[in-house]
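Undergrad: Just dropping this structure here.
The values are calculated or read from the model by the stated rules, or taken from the named source; none is laboratory data. Here the structure is a predicted model, which is why all the values come from computation and not from measurement. Glycine also receives a Cβ, built like all others from the backbone with ideal geometry; neighbour counts cover every protein chain displayed.
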Amino acid sequence: MSELFECEHVDLWRSVHGKYWHVVEAKANKSKKSGKLLDLDKWYQEELPTVISSRCDKHVTLSEMVKLMEWKLTRGKFRPRLQQLVGSNSEDTVEKCSTKAFSLLPDVSAAIAELSTLKGIGPATASALLAAGAPEQAAFMSDEAMESIPGLAPIQYTAKHYTLYLDKMLEKTKKLNKADPQQDWTPQRLERCLWALTVAKQQQLPLLKDVDMKGGTVVEDLTDADDRPSKKLKRR
């Protein structure tokens, strides 16, 4: 699953990123458990970052933290007890802790450690919060993205392993921005690409079947007619 991460062709990365919402919708339609994924992912990828950035001191509320956990569990492995633990934190504690975490950036390790003091929050969930508020400095620690990067197996949900993961994501981001005149790549944007390709392959989706990672070939229409997102999704 490491073809994309090792790929140096920016056009291919852009092509995969352009299919992200197709993969999200396909996964959401695949099972009842993932039915909420489309709305939750739109909230996490688009709405939450805007809300966090609009605040004088970046932070999240308890309800936002609970919803973020719901997104994480719907997008990846479902562990219901984690959502209950996160919900048991107090509103004041969540706001103070998340405010301090964002203030510690660019020291991502310190920010992860601060957020991990909250009940139910480990490095992976902490990374999701930081990636929403500072996508240029952090990336969500998803299984799919980590499995796509050589040298990270076996996956460990520790702060140390997250540092290894983020270092590789930052290095790749730097390379892509150096090769791309638009220079709009972030670690979190890379995570979306790696997640999309991994999920498309796992579920045998035809969305990305014609992407040639090694040759650098970009096929403009990678989606069969029946697999195109709804008009509502296109407007998004």
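Undergrad: What do you reckon, is LYS168 at pLDDT 95 or above, in contact with a Gly (Cβ under 8 Å, 6 or more places away or on another chain) and more than 26 Å from LEU38 (Cβ to Cβ)? First the steps, then the outcome.
TA: Details: at pLDDT 95 or above: yes; in contact with a Gly (Cβ under 8 Å, 6 or more places away or on another chain): yes; more than 26 Å from LEU38 (Cβ to Cβ): yes.
Yes: the conditions hold for LYS168.
Table: residues versus (1) within 14 Å of the chain's Cα centre (by Cα); (2) surrounded by 14 or more Cβ atoms within 10 Å (Cβ to Cβ); (3) of a type in the set (Lys, Arg); (4) within 24 Å of ASP92 (Cα to Cα).
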position: CYS7; (1), (2), (3), (4): no, yes, no, no
position: LEU37; (1), (2), (3), (4): yes, yes, no, no
position: SER63; (1), (2), (3), (4): no, no, no, yes
position: MET69; (1), (2), (3), (4): yes, yes, no, yes
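Undergrad: Counting only residues that are touching a Leu at 6+ places or on another chain (Cβ under 9 Å), crowded, with 17+ Cβ neighbours inside 10 Å and not basic (Lys, Arg), how many does the range 157-181 have? Let's see the steps before the verdict.
TA: Just the residues of the range 157-181 that are touching a Leu at 6+ places or on another chain (Cβ under 9 Å), to begin with: 161, 164-165, 168-169, 172-173, 176.
Keeping just the survivors that are crowded, with 17+ Cβ neighbours inside 10 Å gives 161, 165, 168-169, 172-173, 176.
Then keep just the ones that are not basic (Lys, Arg); that gives 161, 165, 169, 173, 176.
Of the residues in the range 157-181, 5 are touching a Leu at 6+ places or on another chain (Cβ under 9 Å), crowded, with 17+ Cβ neighbours inside 10 Å and not basic (Lys, Arg).
Undergrad: For HIS59, work out the one condition from (1) of a type outside the set (S, T, N, Q); (2) closer than 30 Å to GLU147 by Cβ; (3) under 19 Å from the mean Cα position of the chain (by Cα) it doesn't fulfil.
TA: (2)
Undergrad: Also: Going by the structure shown, is PRO187 within 12 Å of the chain's Cα centre (by Cα) and either surrounded by 15 or more Cβ atoms within 10 Å (Cβ to Cβ) or of a type in the set (Ser, Thr, Tyr) (or both)?
TA: yes
Undergrad: Find all pairs meeting these conditions: Cβ atoms under 6 angstrom apart; at least six residues apart or on different chains; first residue within the range 77-105 and at pLDDT 95 or above; second residue among the polar types (S, T, N, Q).
TA: Listed by first residue and then by second, the contacts come to LEU105/GLN137.
Undergrad: Suppose the filter is within 19 Å of SER116 (Cβ to Cβ) and of a type outside the set (D, E, K, R); does GLY76 pass it?
TA: On the way: within 19 Å of SER116 (Cβ to Cβ): yes; of a type outside the set (D, E, K, R): yes.
Here the answer is yes, as GLY76 does meet what is asked.
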